[in-house]
Amino acid sequence: MYRFLLTPRWWGINAFVLLAVPFCIFMGSWQLSRFDARVQDHRTQTEQVAAGMKAAPRPLAELLPVDKKTSGMRATATGRYGKQLLVPDRELDGRQGFYVLAMLRTDSGEALPVVRGWLPGHADAAKAPAAPSGEVTVTGALQASESPGANGVGTGGGLPAGQTAAISAASLVNLVPYDVYDAWVTLDKADDGMKTVPATAPAGTGLDLKAFQNLGYTGEWFVFGGFTVFMWFRLLRREAEYARDAALGLVTNGTEGPDSGAAASGDGGSAEGPAEEASAEESVTDGAVSREADGESRARAAKG
């Protein structure tokens, strides 16, 4: 009953299934491994940030450039505060507010962006306390430059003077007349009663949209593989049922599929049509001959 599996058509179907199912399983497993890697990366970076806050601070120069290993570690730098800026639309403890950002000009000639603290409400320069004068030494968690539009960071369009949407060297060099480090520091303890801004894991290491896209793609590939197997079994059962009906004589011999039997039956019906018409014509002719012979008999009887 399953000899149809040896036909060229089924060889092609079976080859497709044998290739498609392992491919779907491989792609689903790969996407799942990508999601697991992002989860592990997020866990590692979170633990590193927590451990870095307990470690002794190191000079800024030893931790640059900022990468996944140095992000969140405590850094120390000495210099004099220059221009102060506000970073609006920043949330802390479920409340909306803004960062107070001051540029620490170091002996190297470059300025280090320092987040002195967070204040609630709309960004207002009158609310922000002035930065300390004279030479100061700051200590805080080292952070990589932010990317506008990522992780809630604004794009910076239409902001008033003295404000910046992102804490990044690319944005800040347009607002201050000196070079800026491609990094920033959030103080261990905020100045003048402001709230301390906690350090965060670097961008691309959290459970963001990309991580959950990997999880969604995992489900899609496994569904594709399961659907391929389902359709193969469905087609196999249909062909097996037809082969069984053919063996029992329920379909016309010589047909190739379930629809061929119906076509054959239609052809048989049309073949019987002419035979039935010929039989009807013979009956009409016989009737006419009989009536003619009966008329002749009656005529003879009348003459006699």
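The values are calculated or read from the model by the stated rules, or taken from the named source; none is laboratory data. Quick caveat, the model's predicted, so the values are computed rather than measured. So basically every Cβ, Gly included, is an ideal-geometry build from the backbone, and we count neighbours across all protein chains shown.
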Give the residue, chosen from Gly154, Gly193, that is out of contact with any Lys or Arg (no Cβ under 8 Å at 6 or more places or on another chain), closer than 19 Å to Ala130 by Cα, modelled with pLDDT under 90 and small (Gly, Ala, Ser).
-> Gly193
With the checklist (1) modelled with pLDDT under 90; (2) polar (S, T, N, Q); (3) assigned to a helix (DSSP H, G or I); (4) crowded, with 19+ Cβ neighbours inside 10 Å in hand, flag the one item Thr205 doesn't pass.
-> (3)
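Only residues that are among the charged types (D, E, K, R) and surrounded by 15 or more Cβ atoms within 10 Å (Cβ to Cβ): list them for segment 15-47, please. Spell out the reasoning first.
Kept after step one, since they are among the charged types (D, E, K, R), are these residues of segment 15-47: 34, 36, 38, 41, 43, 47.
The answer is Arg34, Arg38, Asp41.
Of these, Arg80, Arg58, Arg74, Arg9, which one is of a type in the set (D, E, K, R), touching a Lys or Arg at 6+ places or on another chain (Cβ under 9 Å) and more than 28 Å from Ala123 (Cα to Cα)? Please lay out each step first, then the result.
Details: Arg80 fails: more than 28 Å from Ala123 (Cα to Cα); Arg74 fails: more than 28 Å from Ala123 (Cα to Cα); Arg9 fails: touching a Lys or Arg at 6+ places or on another chain (Cβ under 9 Å).
Sole residue among the options that is of a type in the set (D, E, K, R), touching a Lys or Arg at 6+ places or on another chain (Cβ under 9 Å) and more than 28 Å from Ala123 (Cα to Cα): Arg58.
Just to be sure, is Ala169 at pLDDT 90 or above and touching a Phe, Trp or Tyr at 6+ places or on another chain (Cβ under 7 Å)?
Values: at pLDDT 90 or above: yes; touching a Phe, Trp or Tyr at 6+ places or on another chain (Cβ under 7 Å): yes.
Answer is yes for this residue.
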What's the number of the condition Gly28 fails, among (1) within 29 Å of the chain's Cα centre (by Cα); (2) not in a helix (DSSP H, G or I)?
-> (2)
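Would you confirm, using the coordinates I've provided, whether Ala51 is farther than 16 Å from Ala199 by Cα and small (Gly, Ala, Ser)?
On the way: farther than 16 Å from Ala199 by Cα: no; small (Gly, Ala, Ser): yes.
The answer is no for Ala51.
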Residues satisfying the stated conditions in segment 211-222, i.e. farther than 18 Å from Phe23 by Cβ and exposed (fewer than 13 other Cβ atoms within 10 Å of the Cβ) = Phe212, Gly216
